[in-house]
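*Asks:* Have a look at the structure that comes next, please.
The values are calculated or read from the model by the stated rules, or taken from the named source; none is laboratory data. Computed from a prediction, not measured in an experiment: that's the story for all the values here. So basically every Cβ, Gly included, is an ideal-geometry build from the backbone, and we count neighbours across all protein chains shown.
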Amino acid sequence: MPRVDVYHLTPPRRLPLIEEEGLRTRADLSSLFGPPSEFDNAAPGTFANGKRVSAWLSLDYAKAHADEYGKGLVSYSVDPAKTLAAPASVRASATPAEYWEQAKPLKEWLAGDVPEDLEIHQNLPVRVKYLKLHAPLVDDADLGP
């Protein structure tokens, strides 16, 4: 199965560092964000304790959440057999353990109806050569009069 593009959001001020170092895992960024959360600790196997990088399958869904996560848009490709995925709506309505129980390889999701809010989790950092940085997402209000 071919690699699939996914979309990650971050504050634009972090884009230069991402351009130099790639996307680091949540565990690698604990100095910025504090220790891994209950959600991170509940993840299975090699995804546990914040050893993951997350993104969305849908660019439209990612853009709709730019105000929440940041307007810096980064895309990269993943191997559908080596990533876990689950709908973001499950994260909002379930415990962390229940969310991770429903997560399955992206390859399985792609074989059927794919939810619009599908979150993709990779258990490795994303190296610079696999990243594509896009122009920050701006709207008319950001551009001024």
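*Asks:* So, in the range 89-125, how many residues would count as being out of contact with any helix residue (DSSP H, G or I) (no Cβ under 9 Å at 6 or more places or on another chain) and closer than 15 Å to S77 by Cα?
*Replies:* 4
*Asks:* With E19, E38, E68 as the choices, which residue is among the charged types (D, E, K, R) and in contact with a Leu (Cβ under 7 Å, 6 or more places away or on another chain)?
*Replies:* That would be E19, the only listed residue that is among the charged types (D, E, K, R) and in contact with a Leu (Cβ under 7 Å, 6 or more places away or on another chain).
*Asks:* Do the conditions hold for L9, that is, is it out of contact with any helix residue (DSSP H, G or I) (no Cβ under 9 Å at 6 or more places or on another chain), touching a residue at least 24 places away in the same chain (Cβ under 8 Å) and not small (G, A, S)?
*Replies:* Considered against the rule, which asks whether it is out of contact with any helix residue (DSSP H, G or I) (no Cβ under 9 Å at 6 or more places or on another chain), touching a residue at least 24 places away in the same chain (Cβ under 8 Å) and not small (G, A, S), L9 comes out as no.
*Asks:* Restricting to the range 46-70, name every residue that is free of Cβ contacts under 8 Å to residues at least 12 places away in the same chain and under 19 Å from Y99 (Cα atoms).
*Replies:* A48
*Asks:* Another question, if that's okay. Would you point out the residue of the range 15-29, among those that are over 16 Å from the mean Cα position of the chain (by Cα) and of a type outside the set (A, V, I, L, M), that is nearest to R52 (Cα to Cα)?
*Replies:* Only one residue fits best here, namely E21.
*Asks:* Which of the residues spanning the range 74-96 are surrounded by 20 or more Cβ atoms within 10 Å (Cβ to Cβ) and closer than 12 Å to E119 by Cα?
*Replies:* Within the range 74-96, T83, L84, A85, A86 qualify.
*Asks:* Suppose we filter L73, L124, L137 for residues that are among the aliphatic types (A, V, I, L, M), outside any helix (DSSP H, G or I) and touching a Lys or Arg at 6+ places or on another chain (Cβ under 7 Å); which single one remains?
*Replies:* Selected residue: L137, the only one of L73, L124, L137 that is among the aliphatic types (A, V, I, L, M), outside any helix (DSSP H, G or I) and touching a Lys or Arg at 6+ places or on another chain (Cβ under 7 Å).
*Asks:* When the range 41-73 is examined, which residues are found to be of a type in the set (S, T, N, Q), closer than 16 Å to L118 by Cβ and modelled with pLDDT under 95?
*Replies:* Hit for the range 41-73 is S54, nothing else.
*Asks:* Restricting attention to the range 28-38, report how many residues are closer than 21 Å to L84 by Cα and either touching an Asp or Glu at 6+ places or on another chain (Cβ under 7 Å) or surrounded by fewer than 19 Cβ atoms within 10 Å (Cβ to Cβ) (or both).
*Replies:* Looking only at that region, the number is 4.
*Asks:* On the given criteria, is V90 among the aliphatic types (A, V, I, L, M) and either without any contact (Cβ under 8 Å) to a residue 12 or more places away in the chain or assigned to a helix (DSSP H, G or I) (or both)?
*Replies:* yes
*Asks:* If you don't mind, another one. Quick check on the range 39-59. Is at least one of its residues over 15 Å from L137 (Cβ atoms), surrounded by fewer than 15 Cβ atoms within 10 Å (Cβ to Cβ), in contact with an Asp or Glu (Cβ under 6 Å, 6 or more places away or on another chain) and not aromatic (F, W, Y)?
*Replies:* no
*Asks:* Just one of the numbered conditions (1) over 12 Å from the mean Cα position of the chain (by Cα); (2) more than 17 Å from T10 (Cα to Cα) is not true of E68; which one?
*Replies:* (2)
*Asks:* Condition test on D113, is it in a loop (DSSP other than H, G, I, E, B) and surrounded by fewer than 14 Cβ atoms within 10 Å (Cβ to Cβ)?
*Replies:* Here the answer is yes, as D113 does meet what is asked.
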